[in-house]
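Working notes, beginning with the structure itself.
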Amino acid sequence: MDTVINIALAGNPNAGKTTLFNYLTGLRQHVGNYPGITVEHIQGCCLHNQQGLSIVDLPGTYSLTAYSSEELVARDYLINEKPQIVINIVDASNLERNLYLTCQFLELGIPLVIALNMIDVAENRGLLVDAEKLSEILKVPVVPIVARSGKGVDHLLDTVIAATQSGVTPEPAFLRYGSDIDEALSEMVPIINKHALLTDIYPARWTGVKLLENDEQVYEKSTAVNPEATQELKKYCAQVTGHLQQTAGVYPEAVIADHRYGFIKSIMRQHIVTEKFVGDRLYTSDRIDKIVTHRVLGPLIMASILFGLYAFTFSSSTFLVELFASFFALLSSTVDSVLADGPLKSMLISGVIDGVGGVLGFVPIIMFMFFGIAILEDSGYLARVAFMMDRIFHAFGLHGSSVMPFIISGGIAGGCAVPGVMATRTLRSPKERMATLLTVPFMNCGAKLPVLTLLIGAFFADHQARYMFLATVISWIVALCAAKFLRMTVLRGESTPFVMELPPYRFPTINGLVIHTWERTWQYIKKAGTVILGISVLLWAMMTYPGLPEDQVTSFAQKRQQIIQQSDQPASEPTTKALHALNAEQAAAGLRHSIAGRIGIALEPASQLAGIDWRTNIALLGGFAAKEVIISTLGTAYSIGDIATEEPTSLTRRLASDPAWNPVVALAVLLFIMFYAPCFVTVICIAKESGSWKWAFFSMAFNTAFAFIMAVTVYQIGMLLNLG
């Protein structure tokens, strides 16, 4: 086999890039982080005609500007990692829009093969694309494909291999930007070449274009090479900007974008696309959208789909959840019978099995939830949710693009606040960005779902889907109200307009659904086996040590001896129960005397206002590290101090039978967990993205105070109405 060829897949969002990647690599993928940034990338491999191909799936992006993390990641990877060839996935049914990114690839002189995807969708819309003519004009290979079915993919890979083996280095494309910009570039390019400003990584003309576009990253790199020359160019760019503002009322970046689209239109006018029929015909997606994005029907359909998602999740996962619970109960019982009493046995049962096992017990629910979300996402429906929510977001002072960070953070279900916070980078308005960044942690992320499922399953088992649906609705309402409050107080300002393109509907592929479901489920399992395991053991230690004073240990030993001596049959059932009760009493006393127990008890005077006892306080403190830890800590706390049963039981049953809990307490705790301080990683991310730790601390304090007020209100009203 020849040397492996390194390939990058690039293209607009919803152009079918990930579908092609999944088709090529299947499960031969791994997830990592791009150098210097926490945005994930997926890398995979495949074999074609005995030629090994290493493929990186770049983030979907509309351009190579420096406005968002996705754009920066894509650009930096292409420049720094220098893949041997880039496959640019272009949506044949939206050719004009997709070619904007292609133009920038051509300007960079990147080795390129265009994959003209979704030609079947284009044909259904009556559009015939002349791939050969497009290839002739752009001077790069253009291969029609249908990524979801694999049609044309073999030909695409043949073309890629041939292009890499040809040894031809493409020349950067020379685009005209009008007299003002072109004249400016003619002055700037000699200066850039003279001082070798980034000429080792960028074409000189492209560097000039980026400086005129006021690209911060390019300015930083140029300044690092030659501050004096960069300052000279910056002054010249300011003169050009001033001239364009006076004469045309526009900025250079707008002129450059207009001329790129002009270049694309000149291509389109050369009969690249032929319409088989014209008229007022509505495409299938448009017909569906007239119903699912209707002002009245749309939200009702969205609510029905969301409720159906939860109903499907809980009804489909019940058997597996019970199976997992039985397995961990058996494992706990086995360890209990094999090992002698002592710290090791306690750690394994209370710290590892009851802690991590409680989290892993929800894997079936998480898996089915992610599967349902993957269907909604891959079909194109989530984009419709964002479109519909935009109408509401403006009323709360947010930009329509804030919808996606909310959804990513768990606005539908199972997201994560960290990428949600990072997704706010695409927002241009600083105040809208900050309001979004501070409120996305209110969403029900994947870490909160198992906790909510635990409480709902324990106290509202007959209406699980209904309560999970209500929890999602409440999270949206609270997040939007909090955003409105922030926009009316510390973050005043007008909201900016929103434009969004809706991708066509598609049937999700089984391969894509399996991969997306497995990736997210595996991340959850890994977290349980690493972060949560470590925290669970640490919290077990805090709930075990320093242990009871010697005099209390002696007192319990004497009581134990008295029970045995007073019984005619030491192995009888009454004696066994009495000993078990005494052991549980000693364990509960030890928990109270532990470091964590003392902290929980110290907080109890305040937490009791919301019906929260000291053992739950310990779990909520652990939730600051990671929300999943709440389950593992509850499992440990109620395992150590369990006085209700002799045999190992599930945490759900322990809570349901514990006198400190009732439905009103469960609702109060549920609301507190939904809205109190974000996990530690999210707090760090907020500090990094906002540029200040004051906003991170504000988020912790504001969220916790708000959550506590809600929990106290619900508990006090519930108990007043005697609902407990």
Of (1) in contact with an Asp or Glu (Cβ under 9 Å, 6 or more places away or on another chain); (2) in contact (Cβ under 8 Å) with a residue 40 or more places away in the chain, PHE105 satisfies all except one. Which?
-> (1)
Of all residues in the range 389-409 being assigned to a loop (DSSP other than H, G, I, E, B) and modelled with pLDDT of 75 or more, which is farthest from the chain's Cα centre (by Cα)?
-> GLY397
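Residues are listed down the side, and each one gets a yes or a no for (1) part of a loop (DSSP other than H, G, I, E, B); (2) β-branched (Val, Ile, Thr); (3) farther than 23 Å from PRO364 by Cα:
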position	(1), (2), (3)
ILE291	no, yes, yes
HIS294	yes, no, yes
ASP341	yes, no, yes
LEU344	no, no, yes
SER350	no, no, no
From the set of residues in the range 122-159 that are part of a loop (DSSP other than H, G, I, E, B), at pLDDT 90 or above and more than 33 Å from the chain's Cα centre (by Cα), which is farthest from ASN49 (Cα to Cα)?
-> ASP130
With the condition kept exactly as written, say whether any residue in the range 340-358 is in contact (Cβ under 8 Å) with a residue 24 or more places away in the chain and either in contact with a Pro (Cβ under 6 Å, 6 or more places away or on another chain) or in the same structural domain as VAL121 (by TED's automatic domain parsing) (or both).
-> no
Over the range 410-445, the set of residues β-branched (Val, Ile, Thr), at pLDDT below 85 and over 18 Å from LEU309 (Cα atoms) is VAL418, VAL421, THR424, THR426
Where SER285 falls short, out of the listed (1) surrounded by fewer than 15 Cβ atoms within 10 Å (Cβ to Cβ); (2) among the hydroxyl-bearing types (Ser, Thr, Tyr); (3) closer than 30 Å to ALA465 by Cβ = (1)
Of all residues in the range 676-699, which are closer than 12 Å to GLY623 by Cβ and either in contact with a Lys or Arg (Cβ under 6 Å, 6 or more places away or on another chain) or of a type outside the set (Ser, Thr, Tyr) (or both)?
-> ALA677, PRO678, CYS679, PHE680
The number of residues in the range 160-177 that are surrounded by fewer than 16 Cβ atoms within 10 Å (Cβ to Cβ) and outside any loop (DSSP other than H, G, I, E, B) is 2
Tell me, yes or no, whether the range 656-677 has at least one residue that is of a type in the set (S, T, N, Q) and in a helix (DSSP H, G or I).
-> yes
Which of the residues belonging to the range 440-457 are among the small types (Gly, Ala, Ser) and either touching a Leu at 6+ places or on another chain (Cβ under 6 Å) or closer than 20 Å to ALA696 by Cα (or both)?
-> ALA447
From the list ALA303, ALA325, ALA311, ALA329, pick out the single residue that is part of a helix (DSSP H, G or I) and touching a Pro at 6+ places or on another chain (Cβ under 6 Å).
-> ALA329
Within the range 160-169, is there a residue that is under 30 Å from LEU513 (Cα atoms) and either under 40 Å from the mean Cα position of the chain (by Cα) or among the small types (Gly, Ala, Ser) (or both)?
-> yes
Residue within the range 82-98 that is crowded, with 21+ Cβ neighbours inside 10 Å, among the small types (Gly, Ala, Ser), modelled with pLDDT of 95 or more and on the phi < 0 side of the Ramachandran plot present | no
Selection from the range 213-254 of residues that are closer than 21 Å to VAL73 by Cα and surrounded by 13 or more Cβ atoms within 10 Å (Cβ to Cβ) | GLU213, ASN214, ASP215, GLN217, VAL218, TYR219, LYS221, SER222, THR223, GLU253
Of the residues in the range 589-622, those that are crowded, with 18+ Cβ neighbours inside 10 Å and in contact (Cβ under 8 Å) with a residue 60 or more places away in the chain come to ALA610, GLY611, ILE612, ILE618, GLY622
Matching residues, the range 581-616, being of a type in the set (A, V, I, L, M), over 12 Å from THR544 (Cβ atoms) and in a helix (DSSP H, G or I) = ALA581, LEU582, ALA584, ALA588, ALA589, ILE599, ILE601, ALA602, LEU603, ALA606, LEU609, ALA610
List every residue pair whose Cβ atoms sit under 8 Å apart, with the two residues 6 or more apart in sequence or on different chains, where the first one lies in the range 259-274 and is part of a loop (DSSP other than H, G, I, E, B) and the second, anywhere, is buried (at least 19 other Cβ atoms within 10 Å of the Cβ) and of a type in the set (Val, Ile, Thr).
-> ILE272/VAL129
Residues in the range 179-191: is at least one surrounded by 13 or more Cβ atoms within 10 Å (Cβ to Cβ) and either within 25 Å of ILE87 (Cα to Cα) or in contact with a Ser or Thr (Cβ under 6 Å, 6 or more places away or on another chain) (or both)?
-> no
From the residues in the range 446-490 that are outside any helix (DSSP H, G or I) and crowded, with 19+ Cβ neighbours inside 10 Å, which one is modelled with the lowest pLDDT?
-> GLY446
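The values are calculated or read from the model by the stated rules, or taken from the named source; none is laboratory data. Just so you know, these numbers come straight off a predicted model, no measurement behind them. Every residue, glycine among them, receives a Cβ derived from its backbone with ideal geometry; neighbour counts consider all protein chains shown.
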